[in-house]
Every structure is written in structure tokens, then in C-alpha cells.
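Reviewing the structure listed below.
Every read-out reported here was derived from the displayed coordinates using simple, explicitly stated rules and does not represent laboratory data. Model, not experiment: these values are computed from the prediction. A quick note on method: Cβ atoms are made from the backbone with ideal geometry, for glycine too, and the neighbour counts reach across all protein chains shown.
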There are 2 protein chains.
Amino acid sequence: MGKKAQFNLKVPKGTRDWDGKDMVIRDKIFQTITTVFKKHGAQTIDTPVFELKEILSGKYGEDSKLIYDLADQGGEITSLRYDLTVPFARYLAMNPQVQNIKRYHIAKVYRRDQPAMTKGRMREFYQCDFDIAGSYDPMLPDAEILRITTEILDNLDIGKYTIKLNHRKILDGLFAVCGVPEDKIRTISSAVDKLDKVSWEEVRKEMTEEKGLDGEVADRIGTYVVKKGGADLLSELEKDESLMSSESAKKGVEDLKLLFEYLDIFNVTPKVSFDLSLARGLDYYTGIIYEIVTEASAPPAKAAGAEGEKPKKKPKKINKDDPDADRSDDPTVGVGSIAAGGRYDELVGMFSSSAKGGIPCVGISFGVDRIFSIIKAKTEAQTVRNTEVDVYVIAFGMGKEFTGLVKERMKVCKELWDAGVKAEFSYKVKAKFQTQFKDAEKNGVPFAVIIGEDELAQGVVKIKEMGLPEGHPDKNGVVVKYEDMIPEVKKRIEQFNREREVIQGVEQATLVESKQE
Amino acid sequence: MGKKAQFNLKVPKGTRDWDGKDMVIRDKIFQTITTVFKKHGAQTIDTPVFELKEILSGKYGEDSKLIYDLADQGGEITSLRYDLTVPFARYLAMNPQVQNIKRYHIAKVYRRDQPAMTKGRMREFYQCDFDIAGSYDPMLPDAEILRITTEILDNLDIGKYTIKLNHRKILDGLFAVCGVPEDKIRTISSAVDKLDKVSWEEVRKEMTEEKGLDGEVADRIGTYVVKKGGADLLSELEKDESLMSSESAKKGVEDLKLLFEYLDIFNVTPKVSFDLSLARGLDYYTGIIYEIVTEASAPPAKAAGAEGEKPKKKPKKINKDDPDADRSDDPTVGVGSIAAGGRYDELVGMFSSSAKGGIPCVGISFGVDRIFSIIKAKTEAQTVRNTEVDVYVIAFGMGKEFTGLVKERMKVCKELWDAGVKAEFSYKVKAKFQTQFKDAEKNGVPFAVIIGEDELAQGVVKIKEMGLPEGHPDKNGVVVKYEDMIPEVKKRIEQFNREREVIQGVEQATLVESKQE
């Protein structure tokens, strides 16, 4: 001990510490999200941060190279989790007694990627997943997932957002009907998925020149994937005899029709855009797929190829597997989607040894870091307190004889703590009055309990609400009997919090109204 | 996709999934602990799960071999964190603007150890740390840490417990005065630390035979380390001229005298046992050290070497670095201490490049897994609900014409969710009444809102409190107008929760009384 080593004093690349205001904001986001999950009957499970490597193998396609491995120190070969979905599927397969569950999981995941901190692309980042597992009647859990999504985004006050919705079966049918060879469906699908970032011309070029698709086939696809709408678009597709000749597309359209009926009841439809260009990368989706974009996360107009202008830099391969996975170097892209997911009925079965197969699932993953960036930008001007202390206990006195009354301050604190009041005192024995007062102000503590020799002799203390304006009758504090201190302090804190809630309530009401426009 | 791989369907050795009742209990423990931390003005910080390997190097002595390394996949060499203290010290050194902070951190740590699940010894486990960093007047933060500890253990209702307390400076002085050579102090200290597990004879043998200490020196140590007490023992030591000839011991005794004065004010003294045999392994402690043991965690009488009986198996080297680190194979040892810590004034300085040196710190680490085991054993007979749902929406109807009223159930749910009520409905379209009812019962949902064709036609619903005894006037539910449903449901939930709180309140009051005996 004592010897000073030569340290590289930093955190690993692509990771960060969370503290202060950032931490408070992030906690509040988690709390808001968790509250909604619990309102819908969800429970949480917690899985290890590392899994056997073979559990993760073959689930992430090309991105498997981004998996963090632990060193082989003898024993099992393990890797840090890449997402929360595969561990959940592994959990379900391992626990056959769990045939249905609504589970949420908020935890860190790991990707050995080129970090880009300014864009919020990290090697360690939080995901926040909610999934409903179980064999149920069609579209009922799917509808509730989307309802939960709107509740969360509304409660977070995230601003305007759109749920882009599509169905894997419609896409599969569409590609088949247009004449895409079976073995090209995945790669063509991933080209289509870029339509939110680049123009149709670019995508067509990729399909034909890079991926060798017949030009006529590409053009037929082009007539479909530009389509966006709601239930009206579904009716249009239903009348499309060519498309309806595909059993797969027919089934997908039926699903979405039912889904829209349910979404109407849940008042979610106004947020939904049925978008035939949404494909999403992950292989394991089998039903509806969705992605939530906000205005803040939309790419600038240029990138959309508006006015025939081509983006300056062609995006590299974009992995759309999850809301955090905008792995593109394209600087024209915004923060991307803030949540995404879909139905995956076969993933659990991949782990399950039973002949019966796995459990159907539908889920969503919220990109907490992106949501954090949006919320933080909105609260930039606001003061956020790092602690929740309600009372700072201060001794008043001056001159050389002033002892600092440390034991008396401790006694008052002890009584406040006993009564459940959040309280602090200065760790200085001979603390100056002004210093204590400034400590309380600096931390934004709303109340001070002030004690002095005279007051103690008279059996009274002073309760002072901090930051009252000049001229306020209570500006200099209110003197109360020592034995009334606890109820008086509690009364005032409750009053203070109620008033603060009213202010927040007004904001909330405004938000609700604007939603109902 | 679709192909079934040959998986080893398990979690890595020494890790586990947390779900169901266990998860609910653990969450409640975290919540209780966090509430107390916040009451004392703490904020939380979050550090990455892995650190640069060089940051961890040289901090854990022999146990460094237990550190998990990440594979070298190109780039930095990193390791999973071993505890939360070293990352906190690294954070403080990296953020010189933070000169004082009360911080808590609840997170997983990793040790590549031989797991012993039945004893709660895992490779991945939670630690829950609270530390006060800053240059303050002596013993003020130290006293508050111990006060926080009692509040947490009392609120957790952990049962009877003792805070074993000692001071590194007293120990150092004591060893010097007894004649232990400077270079043997650490190893003799660690032998002494085993006195809670084995007899003095065993420890003496280890000192003299294994570690080559002079027999007379050992015997002199023996006269001290059997001593336990409170402020009285301090007075006794003060009168010991030989011991007081050591500046170090003198300073330690002064510290503890002041600490006891403060602990009296905070009503912590009754829980404290000043115990000269407590040494604790970690090198970095510089002031007071403490360890909390419960009755549940005490070793059986035999192991204490009572009645001259020797323990059958000699404990191997025991690492007492932290509350979770009972790494002994000794089956006679209980769950060990449930929390431990101390003052470490020089650790931050090890990372800090400034000539000024680091920040003094004092902290405690709670062994959540051990606390979990104790709480779980106490709640074995209790039913713990996995979810927090308050209302299950049920359709009533029979016969072939019964549609299941799924859209009506969804509409009711939507209105309950809009009003902030935690509610669920069955994901079956033609759900049978009895099945829905059983679903609600199975999940312990306290209320059902029942709708039927007739009721809907009349504009009413039925609110039923589940589990009312036969003969109760509301046994069959209460019919209310549809427009009164929300306020009626909310009123009943509030009433239900109030009654439940009263019951818990009585238990709490009993606990508080028994503490004041």
C-alpha cells in the first residue's frame, strides 16, 4: 500500500460512469417505464451478465463478431450477453413450468463495436425489454404490447412519435409474389429496410447491382414498399388478387386487420403507420414487427433523398436488429428508433429439447440511451437535485464561544430520521452558520431546521423554508416548540410536495390534452 | 433458423437466474435499503461492469487470481469488477471536482471462485455499498454509517444482530507493544481474525508454529484479543500504560471514545460490541473497522471451541475481505457476517496523480445474498405475489352463444389503465368464466370487475373483492353504474391497501417497541 502506481486512469473504451443529474434522469426513466410494466401485470427476471458461449452462438448472424468473450481461465467458455432476448428464450426453455409470463428486464448488454459516444453508441449500454410469452388467441398480447408502448412514451413526455408497423408474413408473401428467389429473401429484405434512410433508387441499385436481383422483380417490389397507411392500406392489399394468392401474405393481412380492431379499442391506432418498407434485420421474427421513431430521431430531410438529392455518403451495412443498433457511420442519420420489436414464435423452440417445441413470444425493447438523450435535452435548463434530502439541520451562533452544537444537531437529525424524514447535518463540529446554510442551498434542500443556544434553552426550534422571496411572512422561518418539530416539519414537507405535484399535474394535463387533439 | 442445435441448456457455473418469489423478495430488500440511503442524502453512481485490468491489479492481494478477465479480442485488456469499492475509488480519482459525496451502489460483482450454491457462494452476486467520501471532522461520517446500518437492519426486520467494532490503529499499536515484528503484523492480524471461528489455542498454534511468532509475544496478544465490551473496555485500555505508549493505539482509543459519544446520540451503542479480535483482511483499512453478525449467521457453539472441544475440521485460509467472502469450506460456519466495512483514507490516493493525495472514505458493504437467505427463510410460509395487478377484468356468460366479450373486456381494461389502475384480462377470446376467475385467483389479484351482456345492457358492472368469506355481504360482488366504475374501483383498492398497511404497521410497531426494550 501507499506506493503510487502508473495508472491509465480511465474507464474502458465505449463505457462510461453514470452520476449526478444524468443518473437522476436515467433513474426517473426506469421508474416511469417500470411503473407502466407493473400496471400491466409484468414481473421481472434477472439473468447472469454472461452466458455459455454456445447459447449465444448462431443467434446474431454477422454481428456475432461483436460478442464479448470472457478469457478462458479454465472451465466453461462464456460470453457477455449481447441482448436480453436470447437469455429470456434460454430461461423459458430451461423452465418448462413457465408456460406463460409477462416479463420485463432492464439491464446492461455488451457489444464489442466501434464506439461513437457522441451518437450514444456504446459498448456497454442499457436495454429495457418487455415480452409476453404464451400460447394465446391471435393479436391480443400484440395489441397490449403496443398499448404499453404508447403509455410509456406518453408518460415519458417524449414528444411526437410514430409506431411503424409491418408483418413478416406480408413481406414474405410480397417478395414471393414479386418473384424474389427463396434464397434471396433475407438479403432483399434488408435492402428494403434501408428505405427510411436512403432513396428508392439507391435501394434498387443495391438489389440489382449488388445482389443480382432481376430489374423487373425489383420494380414490382418498388410498387409495394413505398406504401404507407392504416386500415385503408390493408383493404387495398386485400383487393390485390396477386398478393392474396400468397397464403403467407393473406395470413399477415388477416392478423393486421384484427390487430387494428384491437388497437382502436386501446386508442393506439392514431400513433400507428402501417409501413410496407419496414423489414427489420433479425431472422427470428415471425409475425408483426414494429419500430418507434420520434421527430427527434428522424433523419434530416437530405438523407431521405428528397428533391432527388443523393446522400453524400452511402450508408454502410446497417444492422437494424434492435433499437440501439444503429451501427452505421452515416452522419446524416438521427438517433434512430427509440424502441423496436416484434413477434418471435420459434426462438424458444431453438433451445427447447421437447418435441412440443417452444413458446410463442412477442416483445419490445426500449433503447434507453436514446430516450435518455431526448429527455436530457428537454431538461437541460432545469435544475435536477442529486439527492432527496428534505431537511438540513443547522446550528445558529456566532463568535468564539460558539461550539457548533454538533451533538444537538445530531440529536435533531436522529429524531427526524426516526420519524422517516430525509435529513442531513454538516460533518463539521464547529460549523459556521453561513457555511451550513450554503450547504443546504447548494443541494437544493427545501427546509432548514435551525437550532441555537437560546432556542434550545427556550425549548423551541426554527423551521425555515429555503428560497422564499423577500417580504414573505415566513421568510425568516417559523418558531415552533421542540416537541412540535416533527409534526410541523412533516406537515410542511407534505404541503411543499403537494404544491410541486400540482405544478407537475398541470403539465401532465396539458400533455394529455395535446394528445387528444 | 428452425434447426435444433445441441445446447447445454444451463447458466454458467456459479450464476443463477432470479425470478418469481425470490425476485420479489430481493427487490423489496433493495427498496428498503435504498430508502434508508436516500433518507441520509445519498445519491447513486453506476460504473461499468468491467474495468481496465491494471485498475484492479494489486488491490486484492492473493485473491487477484479470482478476477475474471475478458478475452483479448484486440484492444484494451479488461476484467470484470471484483467489488464496488475499487471502481468507486477510481471514479473519485477521475473526478477531482467531486470532493465529497455520499454514494450508494447496488450492483453485481464477479469472482472466479469455487462456487458453493447451498451456502450462497456464487461467482456472480450482488453487493450493496454505501460510502461517505470527504475530509470531515473525526468520527462524524463514521457514526452516521453505523446509524444507517441499524436503520437498514431494523427496517429489514432481520432479527437480532451485533455490530462488531474495532480500530486498525489500536490493533497496530497492540501488535507493536506486544512485540510483533513489523513485517509479521499483517499475517498475525489475519490469524487473530479467525477467533470468531476457532479457539485461542488454535490461533496461538498458527501464530507460533506456522508463522514463527515468539510464544511469549503470542501470549501477550492473547491477553488483549479476548477482550470484548463497550465504552468500559475503552476506559480499561486508556489505563493500560504499556498500550498507551503506542501513539497509534492512543489515537485509535481517542477515535473510539468520540465515536461512542456520537453513537449514544444516534441510539446505536446498544448494538455495538467493541471486539479486539476483529481484524478484517483487507490492507486498505486505516481507521475503524466493523462487521455485522446476526444470530442466524453465528457459527454453532461447537465451532467456537466451547468446552474445550476442538472443531473437527480446521478452517482453511479465510478471506475476510468482505461480507460475502466466507471462502472457507468449513461446514460449521454459518452464513457469516451480513455486512462489513471500515475507514479507508488512502485508497483513492493510490489512483490519484495529484500530490495532494486522495479523499478519505468510510463505507459499508451489505451482503445482499446472505440477507436474502435470512429474509427468505422468514417468509417461507407467506404467499408472495409475483405481480402487482389490482383488478382482473372478467366476462360472465354461459352456453354456446357466449362470445367472451373480449372487446368489452379490453375497453374496460383500457379505462382502468387510463386511470392508472393495474389491470389484466385474459388473452383468450372465448374465455370461460371459471377459467378467468381461476386466473385471477391464481395470481392473487384482489379485485375482479365482472361484465356480462345483461349488465352492459343495463349500464352496470360488478366489482368483486376476491376471497371474501362465505356470508360476507359483498361476497357476490357489488353492482355499480358503469360511469362510477373507476372511482369505485379506486376507492376499494385504496381501502384494501390501507387495511393491509395497518396490519404491516402493527408488525412494525411491535418491532420498534422490542428495539426500545
Counting Lys and Arg as +1 and Asp and Glu as -1, each charge on the Cβ, what is the dipole of chain A about the Cα centre in debye, to the nearest 20?
1940 debye
Looking along the axis that carries chain A onto chain B, the residue of A whose Cβ comes nearest, with distance in whole Å, is A:Ala71, 2
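Summing -39500 (n - 2.57) over the DSSP H runs of n ≥ 4 in chain B and dividing by its residue number, what mean residue ellipticity at 222 nm do you reach, to the nearest 500 deg cm²/dmol?
The helix-only estimate for chain B comes to -11500 deg cm²/dmol at 222 nm.
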For the pair B:Lys475/A:Trp200, report the inter-label distance in nm, with labels modelled 7 Å from Cα in the Cβ direction.
6.9 nm
Convex hull volume of the Cα atoms in region B:20-378, per residue, in Å³?
151 Å³
Using each residue's phi in region A:275-282, evaluate 6.51 cos²θ - 1.76 cosθ + 1.60 at θ = phi - 60° and report the 3J(HN,Hα) Karplus result to the nearest Hz, with x for Gly and Pro.
10, 5, 8, 6, 10, 6, x, 4
Non-local amide H neighbours of A:His167 (under 5 Å, H modeled in plane, Pro and chain starts lacking H): which ones?
A:Ile289
Per the Debye formula with a single identical scatterer at each Cα and no solvent contribution, what log10 I(q)/I(0) holds for region A:391-499 at q = 0.17, 0.22 Å⁻¹?
-0.76, -1.33
Compute the angle between helix B:485-515 and the longest alpha-carbon principal axis of chain B, please, reported from 0 to 90 degrees and rounded to the nearest 10.
30 degrees
Excluding A:Met94 itself, calculate the net charge of residues whose Cβ lies under 10 Å from the Cβ of A:Met94, where each Lys or Arg counts +1 and each Asp or Glu counts -1.
+1
The answer for the per residue Cα convex hull volume of region B:6-138, in Å³, is 166 Å³
Note, region B:136-149: 3J(HN,Hα) by Karplus (6.51, -1.76, 1.60, θ = phi - 60°), whole Hz, Gly/Pro = x, goes 10, 5, x, 6, 6, x, 4, 5, 5, 4, 6, 4, 4, 4
For region B:360-422, which trypsin sites (Lys or Arg not before Pro) pass both filters: DSSP loop (anything but H, G, I, E, B) and at most 11 other C-beta atoms within 10 Å?
B:Lys400
Once the Cβ-Cβ distance between B:Glu216 and A:Glu453 is put in as r, and R0 is 51 Å, what FRET efficiency do you end up with, to the nearest 0.05?
0.40
Considering amide H positions built from the backbone, and no H for Pro or chain starts, which residues 5 or more places from A:Tyr344, or on another chain, come under 5 Å of its amide H?
A:Thr286, A:Cys361, A:Val362, A:Gly363
So how strong a dipole does region A:358-517 carry about its Cα centre when Lys and Arg Cβ are +1 and Asp and Glu Cβ are -1, to the nearest 20 debye?
520 debye
Whole-Hz ³J(HN,Hα) from phi, Karplus 6.51 cos²θ - 1.76 cosθ + 1.60, for region A:70-76, glycine and proline x:
7, 5, 7, 9, x, x, 6
Taking 1 over the mean of 1/r across every pair of different Cα atoms in the protein assembly as shown, what Kirkwood radius in Å do you get?
32.1 Å
Under unit Cβ charges (Lys, Arg +1; Asp, Glu -1), what dipole magnitude, rounded to 20 debye, does region A:375-416 have relative to its Cα centre?
100 debye
Starting from the Cα-Cα distance between A:Ile77 and A:Glu441, subtract it from 0.36 nm times their residue separation and give me the gain in nm to one decimal.
125.7 nm
Which entries of A:Lys194/B:Lys414; A:Lys21/B:Lys257; A:Lys39/B:Lys376; A:Lys205/A:Lys376 show an alpha-carbon separation above 28 angstrom in the structure shown?
A:Lys194/B:Lys414; A:Lys21/B:Lys257; A:Lys205/A:Lys376
7 Å along Cα→Cβ, label-point gaps from A:Asn100 to other copies, nm, shortest first
5.6
Positive end of the charge dipole of region B:20-378 (Lys, Arg +1 and Asp, Glu -1 on Cβ, about the Cα centre): tell me which of B:Val217, B:Ser246, B:Gly287 has its Cα farthest that way.
B:Gly287
Step through the table entries B:Lys442/B:Lys491; A:Lys438/B:Lys38; A:Lys164/B:Lys400, compare each Cα-Cα distance with 32 Å, and write down the pairs that go over it.
A:Lys164/B:Lys400
Distances from A:Glu54 to the same residue in each other copy, label points 7 Å out along Cα→Cβ, in nm, shortest first?
3.8
List every residue whose amide H lies under 5 Å from the amide H of A:Leu70, counting only residues 5 or more places away in sequence or on a different chain, with H placed 1.01 Å from N in the peptide plane.
A:Thr78, A:Ser79, A:Leu80, B:Ala71
Straight-line reach only, C-alpha to C-alpha below 19 angstrom: list the aspartates and glutamates that B:Lys490 could link to, leaving out same-chain residues fewer than 8 apart.
B:Glu388, B:Asp390, B:Glu415, B:Asp418, B:Glu424, B:Glu465, B:Asp474, B:Glu499, B:Glu501
For A:Pro473, which inter-copy label distances result when the label point lies 7 Å beyond Cα on the Cα-to-Cβ vector, reported in nm to one decimal and in ascending order?
4.5
With the dipole of region B:20-378 worked out from charges on the C-beta (+1 for Lys and Arg, -1 for Asp and Glu) around the Cα centre, which of B:Met207, B:Ile106, B:Leu165 lies farthest toward the positive end?
B:Ile106
Apply 1/(1 + (r/R0)^6) to the Cβ-Cβ distance of A:Glu499 and B:Gln31, taking R0 = 25 Å, and write down the FRET efficiency to the nearest 0.05.
0.40
